[in-house]
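*Asks:* Encoded as structure tokens, here's the structure I'll be asking about.
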Amino acid sequence: MKNTHLMIPGPIEVDYSVLSQMSSPMVAHYDEEWVKFYNGVIEKLKVIIGTQQDVFIMVGSGHTGLEAAISSVTSEEDEILVGINGLFGHRIADIAQSYARKVNTVEIEWGKAIDPDLIDDALQSNREIKLVIVVQGETSTGVLSPIKEIAQVCKAHDVLLMVDAVCSIGAVPFEMDNWGVDLCVTASQKGIGAPPGLVIVSVSERAWEAARASGRDSKGWYLNLSKWKEFLSLPQPYFITMAINNVRAINASLDNIMEEGINERFSRHAKVARAFRAGIRNMGLSTLADESVALNSVSVVKMPSNVFSQDLIRFLRKQYNIMVADGLDTFKGKAIRVGHMDNSAYLYNIIPVLFGIETFLRNCCNMNISYGASLIGC
Ligand SMILES: *Cc1c(COP(=O)(O)O)cnc(C)c1O
């Protein structure tokens, strides 16, 4: 298979210092020295997530962690509220429904952020809700929702808050403990900059209390976070064969993140994302998200009405060896999604994408765009 330059919203192209860890020799996942290394990785993850509470690395993709978090702290018939402003919000509601939770939703137009006031209204009108779930960075729309403000609302109602931060942690600020988030899920292959295969789940003390109160702690096995908690203080802090080389890869990426400096990293993502969006606008196109709510790890660009997104995607692949993703759901065929996170959040990576889009629109769609217009922000 030929290597294509990946500019999709995950998996991202990982740095060689990270990738090379995947070919390390095997070690026993219960070896004392290994466990020490593993615990060091957990400490680094705690810094990135902004928590001193429990953090677990589970083998699986992002959805594994979402399912574990949802199913571990609530019981059947429990009322849950999901803020939905894109595909991943819908997925979360589906997962909760599959566990027979009573799912209430606040649905918000695609392209808009989740409004804390709407969460407040929903919690006012249904006092039975125990858990609110929202997505921080909606990968289907490129929108960032205000988690800190949503957490304040949840706290005022004494309701738990779970956040899907799969596409945002590592690229934009996240402060689990300071904000008062109870469950946080993120995965290895996006803002954290490692290969797919691991999901990171953090659980607050309040969430553990809820799990115990709901009797949930005795149900389920692999996805039961209470089971994972039982092992946390043991010499081998998990009960499965850990994907050791994926953990080594995450470690190398976390080291790169620390070396760059977390705030410098956020600024770099912001700068590159702004440059990307400025170029898009300067060609007369627009992103699904307004500038005020734009996510700095993914942009979703709407196609002009006469342009089919798949044609642009094929053009970029053929002419530039670059891969971007199609729109999701109703935006399939009508938008492209471009990932600019971790290693792809550099000007040298977005410039060919912008210029490729510009060339396509000029040469294949007869649009009157001046040469270099896409690069105005670079
Ligand atoms: C990618 C993503 C997921 C799903 O992760 P998988 O690793 O594909 O299971 C969930 N939520 C958001 C916001 C994502 O971007």
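The values are calculated or read from the model by the stated rules, or taken from the named source; none is laboratory data. Please read these numbers as outputs of a predicted model, since none were measured by experiment. With ideal geometry, Cβ positions are generated from the backbone for all residues, glycine too; neighbour counts draw on all protein chains shown.
*Asks:* Taking only pairs six or more apart or across chains, which ones have beta-carbon atoms under 6 Å, a first residue in region 221-244 that is over 24 Å from Y99 (Cα atoms), and a second residue that is of a type in the set (A, V, I, L, M) and not in a loop (DSSP other than H, G, I, E, B)?
*Replies:* A243/V59
*Asks:* A follow-up question, please. For region 70-179, list the strands (runs of 3 or more DSSP E) that sit wholly inside it and hold at least 2 residues that are within 23 Å of I262 (Cβ to Cβ) and free of Cβ contacts under 8 Å to residues at least 40 places away in the same chain; which are they?
*Replies:* 160-164
*Asks:* For region 173-199, how many residues meet the condition of being charged (D, E, K, R) and over 17 Å from Q152 (Cα atoms)?
*Replies:* Selection size over region 173-199: 1.
*Asks:* While we're here: Name the residues in region 10-30 that are more than 16 Å from the ligand (Cβ to nearest atom) and either of a type outside the set (A, V, I, L, M, F, W, C) or without any contact (Cβ under 8 Å) to a residue 12 or more places away in the chain (or both), would you?
*Replies:* Correct list: D15, Y16, S17, S20, Q21, S23, S24, P25, A28, H29, Y30.
*Asks:* Here is a follow-up. For region 1-21, name all the residues that are hydrophobic (A, V, I, L, M, F, W, C) and within 17 Å of K190 (Cα to Cα).
*Replies:* Of everything in region 1-21, those that are hydrophobic (A, V, I, L, M, F, W, C) and within 17 Å of K190 (Cα to Cα) turn out to be L6, M7, I8, I12, V14, V18, L19.
*Asks:* For region 85-94, enumerate the residues that are over 15 Å from the mean Cα position of the chain (by Cα) and crowded, with 19+ Cβ neighbours inside 10 Å.
*Replies:* Once the filter is applied, which keeps residues that are over 15 Å from the mean Cα position of the chain (by Cα) and crowded, with 19+ Cβ neighbours inside 10 Å, region 85-94 yields only A93.
*Asks:* Let me ask something else about it. Kindly check whether there is at least one residue in region 138-147 that is away from the ligand (no atom under 11 Å from the Cβ), among the β-branched types (V, I, T), modelled with pLDDT of 95 or more and within 25 Å of K334 (Cα to Cα).
*Replies:* no
*Asks:* Follow-up. Could you list, in sequence order, the residues of region 315-333 that are surrounded by fewer than 16 Cβ atoms within 10 Å (Cβ to Cβ), over 20 Å from E13 (Cβ atoms) and not small (G, A, S)?
*Replies:* Selection gives D329, T330, K332.
*Asks:* Is it true that some residue in region 182-198 is over 24 Å from V247 (Cβ atoms) and either out of contact with any Gly (no Cβ under 8 Å at 6 or more places or on another chain) or crowded, with 24+ Cβ neighbours inside 10 Å (or both)?
*Replies:* Yes, because at least one residue in region 182-198 is over 24 Å from V247 (Cβ atoms) and either out of contact with any Gly (no Cβ under 8 Å at 6 or more places or on another chain) or crowded, with 24+ Cβ neighbours inside 10 Å (or both).
*Asks:* Here is a follow-up. What residue, of V47, V59, V73, is under 23 Å from the mean Cα position of the chain (by Cα), surrounded by fewer than 21 Cβ atoms within 10 Å (Cβ to Cβ) and either within 15 Å of the ligand (Cβ to nearest atom) or at pLDDT below 95 (or both)?
*Replies:* V59
*Asks:* May I pose another question? Consider only pairs whose beta carbons are under 7 Å apart and that are at least six residues apart or on different chains; among these, list those whose first residue lies in region 182-198 and is within 9 Å of the ligand (Cβ to nearest atom) and whose second residue is in a strand (DSSP E or B) and of a type in the set (D, E).
*Replies:* Cβ pairs passing all conditions: V185/D164.
*Asks:* Yes or no: V307 among the hydrophobic types (A, V, I, L, M, F, W, C) and either under 30 Å from S253 (Cβ atoms) or modelled with pLDDT under 95 (or both)?
*Replies:* no
*Asks:* Condition test on S168, is it over 19 Å from A213 (Cβ atoms), within 12 Å of the ligand (Cβ to nearest atom) and out of contact with any Cys (no Cβ under 8 Å at 6 or more places or on another chain)?
*Replies:* Spelling it out, S168 is indeed over 19 Å from A213 (Cβ atoms), within 12 Å of the ligand (Cβ to nearest atom) and out of contact with any Cys (no Cβ under 8 Å at 6 or more places or on another chain).
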